[in-house]
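First up is the structure itself, then whatever we jot down about it.
The values are calculated or read from the model by the stated rules, or taken from the named source; none is laboratory data. The structure displayed is predicted, hence computed values, not measured ones. Counting neighbours? That spans all protein chains shown, and the Cβs are built from the backbone with ideal geometry, glycine included. Heavy atoms of the whole protein, side chains included, go into the accessibility calculation; ligands, DNA and RNA do not. Shrake-Rupley method; radii C 1.70, N 1.55, O 1.52, S 1.80 Å.
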Amino acid sequence: LLASVESGAIAPLRGRWVVELEARGGKLQRRQDLPPEAFWSADELRRVALALGDAFGVLFVALSYRWLSRAHPDPDGFHLKIVAAVAGLYLNLAGRGGGEYPSALTQAFTSHGLGEADFALFWDFASLHQEPRVGEQSSLFKLGLQSSNVWYGHERSVCWMQSELPAGFGGVAYDASGWCFVEAAISAAVKPSVQRLDLGLRTDKAMGCAYGHKSIVPAAQLTHVCMRGRLPPPTPEKVERLLRTEKTFTNSSDVAKVAALYAAFFDEVVRATELHFRAVGWTVAEAAELCEALPRFRALTSLDVSENKLGDAGVSVICQYVQSNKEIKLASLNVSRNGIGPEGAKAVAAVAAVAASLTKILVSGNELGDEGTTILCDALRESTVSKVEELD
């Protein structure tokens, strides 16, 4: 994240500057036309990121949205108004009590003694060099496109998907756009759901209260109402097929470029050792899609699909795949709160009995009953290879 800025490829906007720009009726300009005060310097960004320690991710926000015209992505300030309002809530400039319910960002700044909170926003039009480009701007633009994957896909960064479009907009919808589809897919791979928000789902109640705070009801938190359903990580081959057959591009030549960007990202993210897909609304269909991608994650040791709607069928699909694929070396499997009963318990038991790598299995909050519990415990007791140390 820091290297993308220090190289000059990406110039992140200051969140507070974006709020002020909208308040004075300004218009977003291309990177080359913005004043220095609009941006974070590389040195300052590094200083603050390192000072935040493990909380550094709240500092980095990537915006995904539909361009509203070829010449300018937001000619009338439609996106700017929405992004500035959400930024104000993230900075606790708005909302009930003017900071009564601090966001993770403002909490982090306060706890580390960093004073007034701010964040770094990747907004492509303002963060990448735009046409006409001169000198090294063209090479920096290409590097910036590649680096944007890190901003969208990093498990610690925040992604805002601004899917709402102006009334009467005759162009392609957010989900049908090839660029937006890939940005959304990248952000869905390893990022926790609370850091991946669809601003088009925002409500007046949440916008009038808090960005996110554990002590208030979910409906009053933007992070709750805007958590968007996510696809299992698609393979590069599937993404390229969808880009060519189902998604739309203003320039057809972008298909290969975007497919290559995703493939490069995927090659990096498959090194992940943990995948967390808790409470994302998945059913048996998503379980099957996940199993298409799992063979690529050869370093995977922990899989969390808890609090979904997998049921017996979905959990069985995942367990059968793990059981049959010897390259999967899971140490931890979490299928808790998925509505599974004795049939699902049989699938988990079958994996537990033969997967010597498994040491932790979480099945709490299901409906195993005495029958399912007995099936699972008997399988572990009778197995000659099981090394499960924790069963909950």
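Using θ = phi - 60° in the Karplus curve 6.51 cos²θ - 1.76 cosθ + 1.60, the 3J(HN,Hα) couplings for segment 374-391 round to 5, 4, 5, 5, 5, 4, 5, 5, 8, 5, 9, 10, 4, 10, 4, 9, 10, 10 Hz; x is entered for Gly and Pro.
Would you please give the FRET efficiency between Arg47 and Glu155, computed as 1/(1 + (r/R0)^6) with r the Cβ-Cβ distance and R0 = 30 Å, to the nearest 0.05? Mind showing how you got there, number by number?
Numbers: r = 23 Å, r/R0 = 0.75.
It comes to 0.85.
Remark: segment 28-40, residue by residue, has Karplus-estimated 3J(HN,Hα) of 5, 10, 5, 3, 5, 9, 8, x, x, 5, 6, 10, 7 Hz, where x stands for each Gly or Pro and the curve is 6.51 cos²θ - 1.76 cosθ + 1.60 at θ = phi - 60°. Neighbours of Glu327, meaning other residues whose beta-carbon lies under 14 angstrom from its beta-carbon, give a summed charge of +4 when Lys and Arg score +1 and Asp and Glu score -1. Once backbone amide H atoms are built at 1.01 Å from N, Ser64 has Trp160, Met161, Gln162 as its partners under 5 Å, excluding neighbours fewer than 5 places away on the same chain.
Please work out the FRET efficiency for the pair Leu114 and Ser138, using the Cβ-Cβ distance as r and a Förster radius of 35 Å; give the result to the nearest 0.05. Efficiency for this residue pair is about 0.45. Segment 37-94 and segment 153-221 have Cα centres separated by 13 Å. As I understand it, the dipole of the chain uses +1 on the Cβ of Lys and Arg and -1 on the Cβ of Asp and Glu, about the Cα centre. Which of Ala51, Ser253, Ala206 lies farthest toward its positive end? Projecting each Cα onto the dipole axis, the largest value belongs to Ser253.
Taking amide H atoms as placed 1.01 Å from N in the peptide plane, the amide H of Arg228 lies under 5 Å from those of Asp198, each 5 or more residues away in sequence or on another chain.
Once the Cβ-Cβ distance of Glu367 and Val194 is raised to the sixth power relative to R0 = 35 Å, the FRET efficiency obtained is 0.80. Here the chain has 51 percent of its accessible surface on carbon and sulfur atoms, given a 1.4 Å probe and all protein chains in place.
The antiparallel fraction among DSSP beta bridges confined to the chain stands at about 15%. Using the Karplus relation 6.51 cos²θ - 1.76 cosθ + 1.60 with θ = phi - 60°, the per-residue 3J(HN,Hα) values for segment 249-266 come to 10, 5, 10, 4, 5, 6, 4, 4, 5, 5, 4, 5, 4, 5, 4, 5, 5, 4 Hz, with x marking Gly and Pro.
Can you tell me the length gained on complete extension of the stretch Ala264 to Arg24, counting 0.36 nm per residue apart and subtracting the Cα distance? Display every interim value, and only then the final one.
Details: separation 240, 0.36 × 240 = 86.40 nm, distance 4.01 nm.
Working it through step by step, the gained length comes to 82.4 nm.
Of the residues Phe277, Leu391, Ile318, the one whose Cα sits farthest towards the positive end of the charge dipole of the chain is Phe277 (charges of +1 on Lys and Arg Cβ, -1 on Asp and Glu Cβ, taken about the Cα centre). Entry comment: accessible area of the chain is 43 Å² per residue, from protein heavy atoms only and a probe of 1.4 Å. Dividing the Cα radius of gyration of the chain by its Kirkwood radius returns 1.00 for Rg/Rh. Of the residues Pro342, Gly171, Leu380, the one whose Cα sits farthest towards the positive end of the charge dipole of the chain is Gly171 (charges of +1 on Lys and Arg Cβ, -1 on Asp and Glu Cβ, taken about the Cα centre).
What full-extension length gain, to one decimal in nm, is calculated for Val385 and Ala288 as 0.36 nm per residue of separation minus the Cα-Cα distance?
32.2 nm
Between Glu343 and Asp204, the modelled labels are 4.5 nm apart [label points 7 Å from Cα along Cα→Cβ].
Note the angle between two axes, namely the Cα long axis of helix 236-245 and the longest principal axis of the Cα atoms of the chain, as a number of degrees from 0 to 90, rounded to the nearest 10. So the inclination is approximately 60 degrees.
For the pair Val255 and Asp378, label points projected 7 Å from Cα toward Cβ lie 5.5 nm apart.
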